[in-house]
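Notes follow the structure.
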Amino acid sequence: MIPHIRDYQGQRIHLIGIGGSSMSGLAEMLMDEGYSVSGSDRDEGYLIGRVRDRGAKVFIGHRAENVRGAALVCYSAAIHPDNPERQEAERLGIPTLERAYLLGQLMEGYAKATGICGAHGKTTTTAMLSQMLTEGGLDPSVHIGGQLDAIGGSTRVGHGDIFVAEACEFNRSFLRLKPTVALVLNIDADHLDCYKDIDEIEETFGQFLRLLPPDGVAIGNGDDVRVRRQMEKLSCRKVFFGFDPGNDWYPAHREEDDRGQISFDLMHGAEKTARVRMGVPGEFNVMNALGAVAAATELGLPAEKAAESLERFTGAHRRFEKTDEIDGVEIFHDYGHNPAEMRNALSIARKRCRGRLWAVMQPHTFSRVRALFDDYLTCTAEADFTLVTDICAAREADPGDLNSGMLTEGMRRNGIDAVWTPGFDDAEQYLRSHWRPGDLVLTMGCGDINLLNAQIHDHEVRKV
């Protein structure tokens, strides 16, 4: 029988993998609701200090003794059954709960439980919607896989009837949620370590949509053939958004400035509801904004108020975030971790860059690199130079037959000026030896590549 978090109110909950973007947020949410929280992770991560500051006891390294005394042990999908803490919990008879079940249980009881999914744009769109609802006074509860200044972090415990959560398709986690409102941004090939192919991915998104009750609302990208096909199968109410005027929500009279920030008329059917000036650049962010507005209006916020919030939205952390300006060089980081997301991030960087554009890529997981290998070979074509660090293994073991040198060789065959810089020291040294005023450096990846930005900053501070 699956345990329920509400049966452990006030007791100690232990989270394995507490440094992850979702798990750290859940830890904060549990502490906000009166639970005692401990946790562990393999390494010190940038989010661990935050949960420590909030009162969680965090162990570095996974050891059996860490779980002793816990009433319930929660773990992320990346934590395998042979993990010593999971094994010790089983030996001691401590109930265990997977992360997605925990999130789903925290969402229970909310009349407007909203799950936002898609291969790309989940965090940004969830952040946009959360900021809209918070500024609009609807007092939502929120769980985002990233940090948003407007809510003071990755979570918010509200007192209204709305819960907004990023719903991840990895390991079919989003099927553990019980949404009454579902927003689907796109369906694309990713996480091919747990899906057979794109058709199986599409079918699983369809299963997520079918979790909606008869009086629920499905909101989807009507320009995406796969999203539309799955939504058309539903009997509940459907709302479409996209660039095509045939959608319920779409933009008209788009104008783009020299930094890639777009203004447009927000159309609902034949009616102009507002003039929007985006606070973040990129056409893909216009699509994210359309989805967020469509969801916000379904949740009770007037479209014009949602549109006003978009101008103030400057992004979640690790989403095209400027971290430094050194020697006249702007340095940014983006969480994009598959070729499509990297291509999008570089399209923004290209418009902002006044000199030469440097892409610094940390490929994420061997399975993703193997499945999307050919796409990696061209995804940094917008950049003048590409540096590739070693592959971030994350939850996987090194298979021994795949490395970043193979990527840079393939990139060079495609006309890309690519160099393999295995470690962060190598990448920093190469950048500092070659950059010049007016250049822009963009580091990309969902592993720990953001620590390269922090390292560059720390070294610069020490020079002063």
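Each value in this text was obtained by applying a stated rule to the coordinates, not by laboratory testing. All values reported here derive from a predicted model rather than from experimental measurement. We place every Cβ from the backbone using ideal geometry, glycine too, and count neighbours over all the protein chains shown.
Specify which residue in the list Gln11, Ser24, Thr96 is farthest towards the positive end of the charge dipole of segment 5-99, using unit charges on the beta carbon of Lys, Arg (+1) and Asp, Glu (-1), about the Cα centre.
Gln11
Stretch Gln455-Ala397 to full length: gain in nm at 0.36 nm per residue minus the Cα-Cα span?
18.3 nm
Please get the size of the charge dipole for the chain, origin at its Cα centre, with Cβ charges of +1 on Lys and Arg and -1 on Asp and Glu, quoted in debye to the nearest 20. Let's see the in-between values first.
Details: 51 positive and 70 negative charges, 138 e Å.
Approximately 660 debye in magnitude.
Compare the Cα positions of Tyr376, Ala218, Thr204 along the charge dipole of the chain (+1 at Cβ of Lys, Arg; -1 at Cβ of Asp, Glu; about the Cα centre) and return the one farthest towards the positive end.
Ala218
Once Rh for the chain is found with the Kirkwood sum over Cα pairs, what is the Stokes-Einstein diffusion coefficient at 10 °C and 1.306 mPa s, in µm²/s?
Details: Rh = 22.9 Å.
So the translational diffusion coefficient is about 69 µm²/s.
What number comes out for the charge environment of Leu387, summing +1 per Lys or Arg and -1 per Asp or Glu over other residues with Cβ under 11 Å away?
Working: positive: none; negative: Asp417, Asp426, Glu428.
Residues close to Leu387 contribute a combined charge of -3.
Is the C-alpha gyration tensor of segment 109-312 telling us rounded, prolate or oblate? Criteria: a/c under 1.5 is rounded; beyond that, a/b larger than b/c is prolate, otherwise oblate. Could the numbers behind the result be given before it?
Details: a/c = 1.44, a/b = 1.21, b/c = 1.19.
Since a/c stays below 1.5, the shape of segment 109-312 is classed as rounded.
Can you give the local net charge around Leu133? Use residues other than it whose beta-carbon is closer than 12 angstrom to its beta-carbon, Lys and Arg +1, Asp and Glu -1. Let's see the in-between values first.
Numbers: positive: Lys112, Arg156, Lys305; negative: Glu135, Asp139, Asp161, Glu298.
Result for the local shell: -1.
Select from Ile348, Thr273, Ser38 the residue farthest towards the positive end of the dipole of the chain; place +1 on Cβ of Lys and Arg, -1 on Cβ of Asp and Glu, and compute about the Cα centre.
Ser38
How would segment 340-464 be classified by its alpha-carbon gyration tensor: rounded, prolate or oblate, with rounded meaning a/c under 1.5 and the a/b versus b/c comparison settling the rest? Working shown, then result.
Working: a/c = 1.83, a/b = 1.28, b/c = 1.43.
The shape class here is oblate.
Classify segment 5-99 from the C-alpha gyration tensor, please: rounded if a/c falls under 1.5, else prolate or oblate depending on whether a/b exceeds b/c.
Working: a/c = 1.63, a/b = 1.12, b/c = 1.46.
The shape class here is oblate.
Figure the gain on full extension for Glu311 and Glu44 (residue separation times 0.36 nm, minus the Cα-Cα span) and round it to one decimal in nm. Don't jump to the answer; show the numbers that get you there.
On the way: separation 267, 0.36 × 267 = 96.12 nm, distance 3.52 nm.
Extra length from Glu311 to Glu44 when fully extended: 92.6 nm.
Return a whole-number percent for the relative contact order of the chain, with Cα pairs under 8 Å and 6 or more residues apart as the contact set. Intermediate results must be reported in sequence, preceding the final value.
Values: 988 pairs, mean separation 48.7, N = 464.
Reported relative contact order: 11 percent.
I'd like the FRET efficiency for Asp257 and Arg63, computed as 1/(1 + (r/R0)^6) with the beta carbon distance as r and R0 of 35 Å, rounded to 0.05. Write down the numbers at each step before the final one.
Numbers: r = 53 Å, r/R0 = 1.52.
FRET efficiency, Asp257 to Arg63: 0.10.
What number comes out for the charge environment of Arg368, summing +1 per Lys or Arg and -1 per Asp or Glu over other residues with Cβ under 12 Å away? Each step should come with its number before you reach the end.
Values: positive: Arg370, Arg395; negative: Asp190, Asp193, Glu341, Asp375, Glu396.
Summing Lys and Arg as +1 and Asp and Glu as -1 gives -3.
Restricting the count to DSSP beta bridges whose residues both fall in the chain, what percent are antiparallel, rounded to a multiple of 5? Don't skip to the end; give the middle numbers.
Working: 20 of 76 bridges.
If we restrict to bridges inside the chain, about 25 percent are antiparallel.
What's the longest bit of the chain with no exposed GluC sites (Glu not before Pro), using DSSP loop states and at most 14 other Cβ atoms within 10 Å as the test? Mind dumping the intermediate values first?
Numbers: sites that count: Glu33, Glu44, Glu108, Glu232.
The longest uninterrupted stretch comes out as 233-464.
Expressed as a rounded percentage, what relative contact order does segment 320-368 have, with Cα pairs under 8 Å and six or more residues apart?
Values: 31 pairs, mean separation 13.5, N = 49.
Here the relative contact order equals 28 percent.
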